[in-house]
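Since the structure comes first, as structure tokens, the remarks are kept for the end.
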Amino acid sequence: MKNNMQSMPVFAPVEAGEPLNPIGHQIQQHASQRADQPAIIDEEGTVSWGALIDRVNRIANRLREAGLEPGEAVAAVSENSADYVALYLGTLVAGGCMVPLSGMASANALALMLEDCEARFLFVSPKNAELLSTLRSQLTTLDDSRILALRGNGDGIGACLPDWLDGVSAIPAPAAVTLDAPFNIIYSSGTTGTPKGILHDYRFRQRQILRMSRFGLDGDAINLVSTPLYSNTTLVSVLPTLFYGGTLVLMAKFNAHRFLELSEQHRVTHAMLVPVQYQRILAEPDFDRFDLSSYSLKLCTSAPLRAEVIADAMARWPGNIREVYGLTEGGISTCLDCAAHPDKWESVGTPTEGAEVRVIDEAGRELGQGEIGEIVGRAISMMRGYINRPEQTEEMLWTSPEGEIFYRSGDMGRIDEDGFVYILDRRKDMIISGGFNIYAVDLEKVLLAHPAVADAAVIGIPSEHWGETPLGLVVRRPGYTDSVADILDWANERLGKSQRLATLEFRNDLPRSTIGKVLKRELRAPYWDRHAH
């Protein structure tokens, strides 16, 4: 992987003499300046900064003793825990590249990812021991000495972390790195095929850490983390909190009621959440009984947060909300300050400092204000590329008339007269019916306004007459008995003629990824598979 890195281009703007204080070096000062302050609180207890840095440095030194070279990959499959954070930081201190992987992936996909990144070590939590046994035979480049249990007694995995660290020095010796050095590889969800490895360097993370610290994610932050560490969503808030010496409160698995308990108990100030989490937290019957007055800011990303959810949260949940829109790949970066712009809650805000967003048509021509097309952007944080996939990296690029590289988002949207960006649909989810472009979000907003509808998704299904036509999939609120016809007629009265839903179906729930995105490909597949046969 480190050799591949050398041939990968730098897409982000490069500033001469840009200062670099790598996180592996920065956190060392917390061992003395914040030794007794809490660094991590998880379900096992509290770990002080002194104890965390001690473990981080032992992990780093042991990785190097075991042969880890600068830039090489260390992979992990685990739920959130203090040990996982220590491994993440220890890998960086050792000069390695961290590769957090999802336990929700199939054994075959995990094996492909581990081969793709050329992982030198793999750490697995006991919860994922069975998954490891399923894929073990495919891991031909990892011998047993390099597969370790992150926690517990190593049941069915290999040596456990405490035994592996026995007798190892905790003397700090953070590796020298440059802004071009690999920091981490984040794998895409893989819902559309083999996952792609997104390579971030120190330039990407350093700039992102600084930007997020301006939202208060610093040494005073108490940040409740309820999304998994393999998601870039999580890292956006976790890394600045660690860099500046704040406190992480970790949830191994999200639960709305437990989230509220932890918020009150630990006087949480910040949280990064995805839209479905906001909905579930606000729907908790006991929500208003909890003291959430310590909150200064909630962040939201991964999908647009609906205006009515923002309104509910702003009215009932202390602190501001900032909605962040971007890609794991970087390049596109907007932010909506919900308190400052209550009239723009349908948008995802304006480009952040150093970012630029444009809209282009199918032919790659730039479109004017208000016109709908694919959103492209460039920013101070941009990935190095997809590892081992130069063709797919190239497909993502759009070159402006000025010769600058922008990233394609795959999102359809528009920019209004004030520069606010509106997301309408994923390009691949857009429905083309009888030659008209239909954006599912417009139809979903109408369905969600019906009092009987708790959740809704709109997909395109085959139509002999129109090519494809919109189908509404609806989850009814408990206690409501409205029929398909009732809701369909109500919605279609409020939709334009070219937008109208062909029909509706009730569902008990909608399939979502681990960070809350509705899996529309999964919803569409049965209809198109039947059509193909």
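Observations on the model:
- Of all residues in the stretch 308-329, those being surrounded by fewer than 18 Cβ atoms within 10 Å (Cβ to Cβ) and of a type in the set (Gly, Ala, Ser) number 2.
- Spans of strands (runs of 3 or more DSSP E) in the stretch 319-411 with at least 2 residues charged (D, E, K, R): 320-326, 356-360, 373-378
- Only a single item in (1) at pLDDT 95 or above; (2) farther than 30 Å from Leu112 by Cβ; (3) of a type in the set (Asp, Glu) is not met by Glu353, and it is number (1).
- Among residues of the stretch 165-186 that are farther than 9 Å from Tyr202 by Cα, those with a Cβ under 8 angstrom from a residue that is of a type in the set (Asp, Glu), sequence gap 6+ or separate chain, pair up as Val168/Glu65; Ala170/Asp54.
- Applying a threshold of 6 Å to beta carbon distances and a minimum spacing of six or more residues, or different chains, the list of pairs starting in the stretch 112-127 at a residue that is closer than 18 Å to Glu69 by Cβ and surrounded by fewer than 21 Cβ atoms within 10 Å (Cβ to Cβ) and ending at one that is modelled with pLDDT under 95 and not small (Gly, Ala, Ser) reads Glu118/Met1.
- Elements of the type strands (runs of 3 or more DSSP E) sitting completely within the stretch 453-533 and holding at least 2 residues that are within 29 Å of the chain's Cα centre (by Cα): these cover 453-463, 467-476.
- Against the test of being at pLDDT 95 or above and outside the structural domain of Leu179 (by TED's automatic domain parsing), the options Ile53, Ile27, Ile59 yield a single qualifying residue, Ile27.
- Look at (1) over 18 Å from the mean Cα position of the chain (by Cα); (2) surrounded by 21 or more Cβ atoms within 10 Å (Cβ to Cβ); (3) under 14 Å from Phe121 (Cβ atoms) and you find that Tyr88 fails only one, number (1).
- Every residue from the stretch 174-229 that is among the small types (Gly, Ala, Ser) and either at pLDDT 95 or above or in contact with a strand residue (DSSP E or B) (Cβ under 6 Å, 6 or more places away or on another chain) (or both): Ala175, Ala176, Ala181, Gly197, Ser213, Gly216, Gly219, Ala221, Ser226
- Of all residues in the stretch 91-119, those that are more than 11 Å from Val77 (Cβ to Cβ) and in contact with a Leu (Cβ under 6 Å, 6 or more places away or on another chain) total 3.
- Matching residues in the stretch 51-85 - criterion: being assigned to a helix (DSSP H, G or I) and acidic (Asp, Glu): Asp54, Glu65, Asp83
- When the residues of the stretch 483-533 are filtered to those that are touching a helix residue (DSSP H, G or I) at 6+ places or on another chain (Cβ under 7 Å) and of a type in the set (D, E, K, R), the one that is surrounded by the fewest Cβ atoms within 10 Å (Cβ to Cβ) is Arg494.
- Filter result (more than 18 Å from Glu346 (Cβ to Cβ), in a loop (DSSP other than H, G, I, E, B) and in contact (Cβ under 8 Å) with a residue 24 or more places away in the chain) within the stretch 281-306: Ala283, Glu284, Asp286, Phe290, Asp291, Leu292, Ser293, Ser294, Tyr295, Ser296
- Residue within the stretch 427-450 that is assigned to a helix (DSSP H, G or I), farther than 24 Å from Leu336 by Cβ and either out of contact with any helix residue (DSSP H, G or I) (no Cβ under 6 Å at 6 or more places or on another chain) or small (Gly, Ala, Ser) (or both) present: yes
- Leading residue by the ranking (surrounded by the most Cβ atoms within 10 Å (Cβ to Cβ)) among those in the stretch 436-482 that are farther than 27 Å from Glu284 by Cβ and acidic (Asp, Glu): Glu468
The values are calculated or read from the model by the stated rules, or taken from the named source; none is laboratory data. As the structure is a prediction and not an experimental result, all values here were calculated from the model. Positions of Cβ are generated from backbone atoms using ideal geometry, with glycine treated the same way; all protein chains shown enter the neighbour counts.
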